[in-house]
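Undergrad: Okay, handing you the structure first.
All of the numbers you see were taken from the coordinates with simple rules; none came from a lab. The structure displayed is predicted, hence computed values, not measured ones. Cβ: placed from backbone, ideal geometry, glycine included. Neighbour counts: every protein chain shown.
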Amino acid sequence: QVQIVESGGGVVQPGRSLRLSCAASGFTISTHGMHWVRQAPGKGLEWVAGLWADGINKNYGNSVKGRFTISRDTSKNTVSLQMNSLRAEDTAVYYCARDLGFWELQFDDWGQGTLVTVSS
Amino acid sequence: QSALTQPPSASGSPGQSVTISCTGTSSDVGTYNSVSWYQQHPGKAPKLLISEVNKRPSGVPDRFSGSKSGNTASLTVSGLRAEDEADYYCSSYGGSNNLLFGGGTKLTVL
């Protein structure tokens, strides 16, 4: 059974960094693309970053390019999101999601999300 | 690139059918079949309802169906039930390895 669990959220000051983790079980992350999608309070979904199943190609949404980095550890079956230079507008619930395949940009399993609050 | 356009709200009575639209451009919805629909209940994670315009994952009732015409994709919910009350989001590949989401539609079952 597929399970995705995010962790690492919390309150952080503007300009600081935070690292989110996503632990996957029931499948191998090297066979699926993996993504981060966020949702600001009361707002819609926004794709943040994605890692192709090959583990090499990575893509980012325009609002986080140059500040966020997605990576994975296949030995632990985990995906991470390193978030630097955080801004108030990065405040959101961050979901880790599994791609339907190698890089379909369609997500068939999601974690429960972890809340990141950027505030002084 | 701009987000896809969805109506902010939709409603219907139990047993009725409701269709939610998702309008993009010829650079996204109009060109690619990587159009998905997600259902999200309050405080919960999104759930995949439809992928590749009209494919239902196993476990999704056939009351949910998807289609596309030109730059507009649609989700139809037939035989509305109380548990269908939720937010619905569309997404589409936007080219250049980028993904676009719609702003979401709140479906109310009257």
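Undergrad: Could you pull out every residue, at least 5 positions away or on a different chain, whose amide H is within less than 5 Å of the one on B:Thr25? Hs are placed 1.01 Å off N in the peptide plane, and Pro or chain starts have none.
TA: B:Gly30
Undergrad: Still on this structure: Taking θ = phi - 60°, what integer Hz values does the Karplus form 6.51 cos²θ - 1.76 cosθ + 1.60 yield along the range B:41-53, in sequence order, with x for Gly and Pro?
TA: 8, x, x, 10, 6, x, 10, 5, 9, 9, 10, 6, 6
Undergrad: Now, a different point. Cα atoms only, chain A: Rg and Dmax in Å?
TA: 13.3, 40
Undergrad: With +1 assigned to the C-beta of every Lys and Arg and -1 to the C-beta of every Asp and Glu, and no other charges, what is the dipole magnitude of chain A about the Cα centre in debye, to the nearest 20?
TA: Computed about the Cα centre, the dipole is about 420 debye.
Undergrad: Using only alpha carbon pairs under 8 Å that are at least six residues apart, calculate the relative contact order of the range B:28-110 and give it in whole percent. Could you put the intermediate results ahead of the total?
TA: Values: 164 pairs, mean separation 25.6, N = 83.
Once normalised by length, the contact order is 31 percent.
Undergrad: Using 0.36 nm times the number of residues separating B:Lys44 and B:Thr19, minus their current alpha carbon distance, what extension gain do you get?
TA: Between B:Lys44 and B:Thr19, full extension yields an extra 6.7 nm.
Undergrad: Right, something else. Could you point to the residue in A:Ser30, A:Ser85, A:Cys96 farthest towards the positive end of chain A's charge dipole, with +1 and -1 charges on the Cβ of Lys/Arg and Asp/Glu respectively?
TA: A:Ser85
Undergrad: OK, next. What is the Cα convex hull volume of the protein assembly as shown when expressed per residue in Å³?
TA: Hull volume normalised by residue count: 112 Å³.
Undergrad: Could you give the Stokes-Einstein D for the range B:1-50 in µm² per second, using the C-alpha Kirkwood radius, 20 °C, 1.002 mPa s?
TA: 164
Undergrad: Roughly how many debye, to the nearest 20, is the charge dipole of the protein assembly as shown about its Cα centre, given +1 on each Lys and Arg Cβ, -1 on each Asp and Glu Cβ, and no other charges?
TA: With Lys and Arg at +1 and Asp and Glu at -1, about 360 debye.
Undergrad: Quick one: Cα centre-to-centre distance for the range B:1-45 and the range A:18-47, in angstrom?
TA: So the two Cα centres are separated by 21 Å.
Undergrad: A further question follows. Past 26 Å, Cα to Cα, is the threshold; run B:Lys44/B:Lys106; B:Lys68/B:Lys106; A:Lys58/B:Lys106; A:Lys65/B:Lys106; A:Lys43/A:Lys65 against it and keep the listed order. Don't skip to the end; give the middle numbers.
TA: Working: B:Lys44/B:Lys106 14 Å; B:Lys68/B:Lys106 20 Å; A:Lys58/B:Lys106 32 Å; A:Lys65/B:Lys106 30 Å; A:Lys43/A:Lys65 21 Å.
In this structure, A:Lys58/B:Lys106; A:Lys65/B:Lys106 lie more than 26 Å apart at Cα.
Undergrad: Using only Cα atoms, what is the ratio of the radius of gyration of the range A:49-120 to 2.2 N^0.38 Å?
TA: Cα-based Rg divided by the globular estimate yields 1.15.
Undergrad: Taking N as the number of residues in the range B:3-110, what is its Cα Rg relative to 2.2 N^0.38 Å? All intermediate terms of the calculation are to be shown ahead of the outcome.
TA: Details: Rg = 13.0 Å, N = 108, 2.2 N^0.38 = 13.0 Å.
For the range B:3-110, the normalised Cα radius of gyration comes out at 1.00.
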